[in-house]
Structure formats: C-alpha cells, structure tokens
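Below is one structure, written out as structure tokens, with a few remarks after it.
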Amino acid sequence: MILRVTQYGDPVLRKKGEKIEQFDARLEEFSRDMWETMGAYDGIGLAAPQVSVSISMCVVDMRVAQQSEVYNYRFDGKQPPIELLMPLVLIHPEIEFLGEAETVREEGCLSFPEIYGEVVRPEAIRVKFQDLKGAHHVLECDGLLGRVVQHEVDHLNGILFIDRMDRKALKPLDRPLKRLKKLTSTFLAEKSKNSAQPDQ
C-alpha cells in the first residue's frame, strides 16, 4: 500500500522515533508499505516519521541509484551483492563516524518536494542496527550509501536536511520552504476539521 508522505511543517517530522518493542508480522507489513511508497516516489531512502509513524525505523534501497555511483560497503564484515542486501531495513540505528573526511553534496527529501540544497556530511560511517526479526547487524559504508543512511537516521532524531545546511545555502530556499510549510499547515487544519465533524 502506498502511504502519504509527510510534508515539511508537520510536527511528526520533529519527533524522535520511539523504540520498537515487537518484531512481528505487522512490522513486516509496514516495511513493505514503506518500500512500495519509496519506490512510487523514486526515492532511495524513507524514514517512518515521513509516513506519520513515529518509530525508530527507516528503509534504504540503492538499487534505483544511478549506475555511476561509486561507494564501498561491508555488511557484517562481508560484501554481499547489493541486489541481495537491498531493500535494507534499519531499526534502532546508531551511527559512528569513521575518520574525519567530509564531503558536500546536494540532497533532496521526499518530505521536501522539488527542494534541494548542499549538505556537508562525514564521508564514511559505521551503523549498528536491528533487522525485522530483531537480529543485530553492522554496516560500514561511504559515498552515497553512507549519506543516505545519515539522512534517514537524522529523520529518526527529528533532524531535517535543511538543519544541516549553512545560512548561505539555505537563504535561496526561504520562500519555497515557507510556501511548503503553509500548504502543510492548511492540509493539517483541513484534516483536523474533517476528523472533528460527526459522521452523517
């Protein structure tokens, strides 16, 4: 099922994802809905708060990334084909930066349609997380994969990619961000109004 992607201005995007207690069929079904939603919007990463579910879980799928992208990765000390690794579900992810190298790259976000900006992030990371069965894993990666993981984990902590931009890079986005926030506010007001109306 394709879910509605939460837009900038919705308070859920600023909430920290809650801990998942049950690794069950419902969680697996939700992960499939997230994959389907991400694919429908041609995304390569999606966090649960972006579909209005405030839990510590995100999904990543590099199979749709450009073939020209070069990145390194090791999953539990091995390097399985990316087609077997993806789509990847990360539950309760914790990131550790590897080295001091940083890169700057333009980022977008499904919660910010048609809005892009340059963000500086560490180049290489190690992320510890659990899968849909609750098993623990370690992923070391760099390049676009490392950046996507950082972007999605930020979502789970209520941090948005615009928060990582400097003022100079953010300035040109001031007007479109205000416009998007206003649209979201209108949507939420209408939703609240409709839910408050008694059934006919």
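Every number here is computed from the coordinates shown, using simple stated rules; none is lab data. Given the structure is predicted, the values throughout are model-derived calculations rather than measurements. Every residue, glycine as well, gets a Cβ built from its backbone with ideal geometry; the counts of neighbours run over all protein chains shown.
Just a few scattered comments:
- Relative contact order, percent, region 11-195 [alpha-carbon distance under 8 Å, six or more residues apart]: 25 percent
- Among LEU180, ALA25, LEU132 - extreme Cα towards positive end, dipole of the chain, charges at beta-carbon: LEU180
- Under Karplus coefficients 6.51, -1.76 and 1.60, residue-wise ³J(HN,Hα) of region 158-166 in Hz, glycine/proline x: x, 9, 10, 4, 5, 5, 8, 8, 7
- Each helix, a run of at least 4 DSSP H residues, gives -39500 (n - 2.57); summed and divided by the residues of the chain, these come to -9500 deg cm²/dmol at 222 nm.
- Estimated dipole of the chain in Debye, rounded to 20 [Cβ of Lys and Arg +1, of Asp and Glu -1, Cα centre]: 800 debye
- Summing +1 for each Lys or Arg and -1 for each Asp or Glu among the other residues whose beta-carbon sits under 11 angstrom from that of GLU94 gives +1.
- For HIS155, the shell of other residues with beta-carbons less than 13 Å away shows a net charge of -1, using +1 for Lys and Arg and -1 for Asp and Glu.
- A dipole drawn for the chain from +1 and -1 charges on Cβ atoms has a positive end, and of MET38, GLY99, ASN194 the residue lying farthest that way is ASN194.
- Where GluC sites (Glu not before Pro) in DSSP loops with at most 10 other Cβ within 10 Å are excluded, longest remaining stretch of the chain: 22-113
- A Cβ-based charge dipole, computed about the Cα centre of region 24-84 with Lys and Arg at +1 and Asp and Glu at -1, lands at about 200 debye.
- Residues whose placed amide H lies under 5 Å from that of LEU98, excluding near-sequence neighbours: ALA124, ILE125, ARG126
- Scanning residues 5 or more positions from LEU3 or on other chains, those with amide H under 5 Å from its amide H are THR37, with H placed 1.01 Å from N in the peptide plane.
- Computed over the chain, the range of Cα coordinates on each principal axis works out to 58, 46, 28 Å, biggest value leading.
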